[in-house]
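The values are calculated or read from the model by the stated rules, or taken from the named source; none is laboratory data. If you're wondering where the values come from, they're calculated on a predicted model, not measured in any experiment. A quick note on method: Cβ atoms are made from the backbone with ideal geometry, for glycine too, and the neighbour counts reach across all protein chains shown. These accessible areas exclude ligands, DNA and RNA; they are computed on the full protein's heavy atoms, side chains included. Shrake-Rupley method; radii C 1.70, N 1.55, O 1.52, S 1.80 Å.
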Amino acid sequence: MTWLGCLLWGLLALLALALLVPVAVMVQAREGQPPQVRLGWLFLRVRLYPPKPLSPAKEKALREKRRKKELRKYLKRKNKESKRLSKKRKTVSHKGPEGLAEKLSLAVELMEALKGGLGLLVRRFRFYRIYVCLVVAKEDAAQTAIAYGKVNHRIYTAYAAAQSFLNLARPDLRIYPDFQREEGTWELDIRGRIAPVFVLAALASMAWGAVKLLLNNQKEGPPGQAKPPDTSKKHRPQPSMGGNSI
């Protein structure tokens, strides 16, 4: 084997080892602050959110672009309101521990809905750190107790549902009632990892499924088109049920 072949085999071996090194996803957030989403692999660290601050020139151009876009939206909305009079529905924005508990429940429901098509990714993604701290507080003690019960129910119901299909480490769930404050706070730190080889395998599986579906559709023809009759078999004439003719 020449030195070029040895070099290629060495590079392939390094690539295979690199694909087995897990990619880590870290999400950290707390009340009143934007979430921090980071990605880590080998020695690389990438901040996905919030994005890096732009230069003054780019920020000015982006601000001008947003201003024009908002102006177009405003004129379009006013035009619609002038054509038809309709009542505006106010959407209540849930904040605090109750809102976080509801969002976590929705996230679990979404992952459960995706486990069929993305089963390999869902099974292989390991949540190795789950830290959730909720401090429930309302205007009075009665409302605090009711909200504390609802938050407990949502969090532990979502955790019980997630255990059946997610690869979870033992979570650190801390839920406290605070009868001295009027507004609650929350904090979370969720981290997971998956090897890139499983991501590539899942993408290849989905691509192969799409190709098979496309090939089957081409064989069957466009939807709504009648299939041609099967003339491969010869139909023998059946004897008549009546008597013999004289």
Checklist line | Members of segment 126-140 that are touching a residue at least 60 places away in the same chain (Cβ under 8 Å) and either farther than 23 Å from Pro35 by Cβ or open to solvent by less than 50 Å² (accessible area, probe 1.4 Å) (or both) | finding: Phe127, Ile130
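Considering only segment 16-37, state which residues are over 22 Å from Ala101 (Cα atoms) and either open to solvent by 100 Å² or more (accessible area, probe 1.4 Å) or touching a strand residue (DSSP E or B) at 6+ places or on another chain (Cβ under 6 Å) (or both).
Leu17, Leu20, Pro22, Val23, Ala24 - these are the residues of segment 16-37 that are over 22 Å from Ala101 (Cα atoms) and either open to solvent by 100 Å² or more (accessible area, probe 1.4 Å) or touching a strand residue (DSSP E or B) at 6+ places or on another chain (Cβ under 6 Å) (or both).
Given Gly5, Gly40, which one is under 30 Å from Gly99 (Cα atoms) and either open to solvent by 90 Å² or more (accessible area, probe 1.4 Å) or not β-branched (Val, Ile, Thr) (or both)?
Gly40
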Notebook entry, point to check: Quick one: in segment 141-182, which of the residues that are among the polar types (S, T, N, Q) and either farther than 18 Å from Lys103 by Cβ or open to solvent by 40 Å² or more (accessible area, probe 1.4 Å) (or both) is nearest to the chain's Cα centre (by Cα)?
Noted result: Asn167
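May I ask you to say which residue of Arg191, Arg123 is outside any helix (DSSP H, G or I) and either of a type in the set (D, E, K, R) or exposed (fewer than 11 other Cβ atoms within 10 Å of the Cβ) (or both)?
Unique residue meeting the criteria: Arg191.
Restricting to segment 140-164, count the residues that are under 15 Å from Ala107 (Cα atoms) and aliphatic (A, V, I, L, M).
Residues that pass the stated criteria total 5.
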